[in-house]
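What follows is a set of notes on a single structure, which appears directly below.
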Amino acid sequence: MKKYFVIGNPIEHSLSPKLHNYWIKKNDIKAIYEKKKLNLKQLKEIILTVKNKEIHGINVTVPFKKEVIRYLDTLTPEAEITQSVNTINLVGNQIQGHNTDIAGFTLSLREINVNIVNKKILVLGAGGVVPSIIYALNQMKASSICVSNRTKNKAEDLKKLFNNITVINWGEVPDFDVIINATSLGLNDTDDIGLDFSKVKNKLFYDVIYNPQETNFLKKAKYFGNKTVNGKMMFIYQASASFNLWHKTQPEINKEVIALLDK
Ligand code: ATR
């Protein structure tokens, strides 16, 4: 029986086990996928168990996507450029770090036929998932990427990875075609991002959050006549890319799978 884990802190609310175990069963694979809450000191030990095949693969979530890198032998180019790893496996005898968040984000836009070429993008937030989003937006040939974060320094730090981004003050709203909420504001029903979008119409509002399904950010955007999308398909696509890496099988994404993530 092969063993897989998602590691993070907090981890209680992760839906990755539900999704992966569903696909494992559907594909008759002898494996189990569990969640494990860790602290920083336990990180090295668990990652090294991949080497002796005690654990066959690991998903990494907040706040360890960067921290795990020091314990890995190799990184894919995407993981290297974003300095962000969400999937680990053994390649030969090397522990390798991958970034499937990039594919998750890209595929979630492709699915709804959004073309990013020459689009002006505003990204809110500078946390763990933002390098992957910026990488994907560059790949998709966005014309400009503005990043706004409450703690401006953290957005400025992203310039070391991506020198084409513009950092603006939190609270500023420049002209954009697509806005992406990558902050954690919206996880609570009462959260309000505090930005005025009352004059913004016919744009795309993307929220990385998928639980709740419709954050206040998306509710307001819809009210003012904008297109909205939540992070559910990004989550499913990043999981399917990890699954494919580990099990060499493309898992099916259908209504039943999507419903697994509805509470
Ligand atoms: P981490 O920052 O540890 O990677 P994250 O969940 O990936 O965690 O990121 C949280 C994001 O939400 C950050 O961009 C954070 O802004 P700061 O860098 O200023 O902390 C943002 N965020 C969280 N609470 C916020 C709030 N009340 N107002 C504005 N932004 C907030």
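The values are calculated or read from the model by the stated rules, or taken from the named source; none is laboratory data. The structure presented is a predicted model; accordingly, all values stated were derived computationally and were not measured. Here the Cβ is made from the backbone with ideal geometry for all residues, glycine too, and neighbour counts use every protein chain on show.
For the condition of a type in the set (A, V, I, L, M), over 23 Å from Leu75 (Cβ atoms) and either touching a residue at least 12 places away in the same chain (Cβ under 8 Å) or crowded, with 19+ Cβ neighbours inside 10 Å (or both), Ile95 does not qualify. Close contacts from segment 184-200, counting a first residue that is under 10 Å from Thr215 (Cβ atoms) and a second that is of a type outside the set (Lys, Arg) and more than 14 Å from the ligand (Cβ to nearest atom), with Cβ to Cβ under 7 Å and a gap of 6+ residues or different chains, come to Asp189/Pro212. Those residues that are within 16 Å of the ligand (Cβ to nearest atom) and more than 17 Å from Asn244 (Cβ to Cβ), I need them from segment 21-59; list them, please. Selection gives Lys37, Leu38, Asn39, Leu40, Leu43. Apart from one condition, Asn138 fits all of (1) more than 9 Å from the ligand (Cβ to nearest atom); (2) buried (at least 18 other Cβ atoms within 10 Å of the Cβ); (3) not in a loop (DSSP other than H, G, I, E, B); the exception is (2). When we screen Leu43, Leu19 for residues that are closer than 15 Å to Val85 by Cα, modelled with pLDDT of 95 or more and not β-branched (Val, Ile, Thr), the only hit is Leu43.
On the stretch given as segment 87-107, residues that are small (Gly, Ala, Ser) and in contact with a strand residue (DSSP E or B) (Cβ under 7 Å, 6 or more places away or on another chain) total 1.
Residue-by-condition table, conditions (1) among the basic types (Lys, Arg); (2) within 24 Å of Ala79 (Cβ to Cβ):
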| site | (1), (2) |
| --- | --- |
| Pro131 | no, yes |
| Ser144 | no, no |
| Arg150 | yes, no |
| Phe176 | no, no |
| Ala182 | no, yes |
| Asp189 | no, no |
| Leu195 | no, no |
| Lys199 | yes, no |
| Asn202 | no, no |
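Selection of first residues in segment 116-131 that are modelled with pLDDT of 95 or more and of second residues that are part of a strand (DSSP E or B) and within 16 Å of the ligand (Cβ to nearest atom), restricted to Cβ pairs under 6 Å at least 6 apart or on distinct chains, gives the following pairs, ordered by first then second residue: Ile121/Ile145; Leu122/Cys146; Leu122/Ile179; Val123/Val147; Val123/Ile180; Leu124/Ser148; Leu124/Asn181.
For segment 144-156, the set of residues classified as more than 10 Å from the ligand (Cβ to nearest atom) and either more than 24 Å from Asn202 (Cα to Cα) or in contact with a helix residue (DSSP H, G or I) (Cβ under 8 Å, 6 or more places away or on another chain) (or both) consists of Ile145, Glu156, listed by residue number. For segment 158-192, the tally of residues that are among the polar types (S, T, N, Q), more than 15 Å from the ligand (Cβ to nearest atom) and outside any loop (DSSP other than H, G, I, E, B) stands at 1.
For segment 194-215, the criterion of a residue being under 21 Å from the mean Cα position of the chain (by Cα), modelled with pLDDT of 95 or more and among the basic types (Lys, Arg) is satisfied by no position. Residue count for segment 217-231 satisfying the condition of being part of a helix (DSSP H, G or I) and crowded, with 19+ Cβ neighbours inside 10 Å: 4. Could we say that Ser148 is in contact with a Gly (Cβ under 9 Å, 6 or more places away or on another chain) and either free of Cβ contacts under 8 Å to residues at least 12 places away in the same chain or within 21 Å of Val85 (Cβ to Cβ) (or both) here? Considered against the rule, which asks whether it is in contact with a Gly (Cβ under 9 Å, 6 or more places away or on another chain) and either free of Cβ contacts under 8 Å to residues at least 12 places away in the same chain or within 21 Å of Val85 (Cβ to Cβ) (or both), Ser148 comes out as no. In segment 82-100 there is at least one residue that is in contact with a helix residue (DSSP H, G or I) (Cβ under 8 Å, 6 or more places away or on another chain), more than 17 Å from Phe235 (Cβ to Cβ), modelled with pLDDT of 95 or more and within 16 Å of the ligand (Cβ to nearest atom). Kindly check whether there is at least one residue in segment 120-135 that is farther than 23 Å from Ser84 by Cα and within 11 Å of the ligand (Cβ to nearest atom). Looking for residues that are farther than 23 Å from Ser84 by Cα and within 11 Å of the ligand (Cβ to nearest atom), one finds none in segment 120-135, hence no. Can you tell me which residue among Asp196, Asp177, Asp207, Asp157 is more than 24 Å from Leu261 (Cβ to Cβ), crowded, with 17+ Cβ neighbours inside 10 Å and among the acidic types (Asp, Glu)? Step by step, each of Asp196, Asp177, Asp207, Asp157 is checked, and only Asp177 is more than 24 Å from Leu261 (Cβ to Cβ), crowded, with 17+ Cβ neighbours inside 10 Å and among the acidic types (Asp, Glu).
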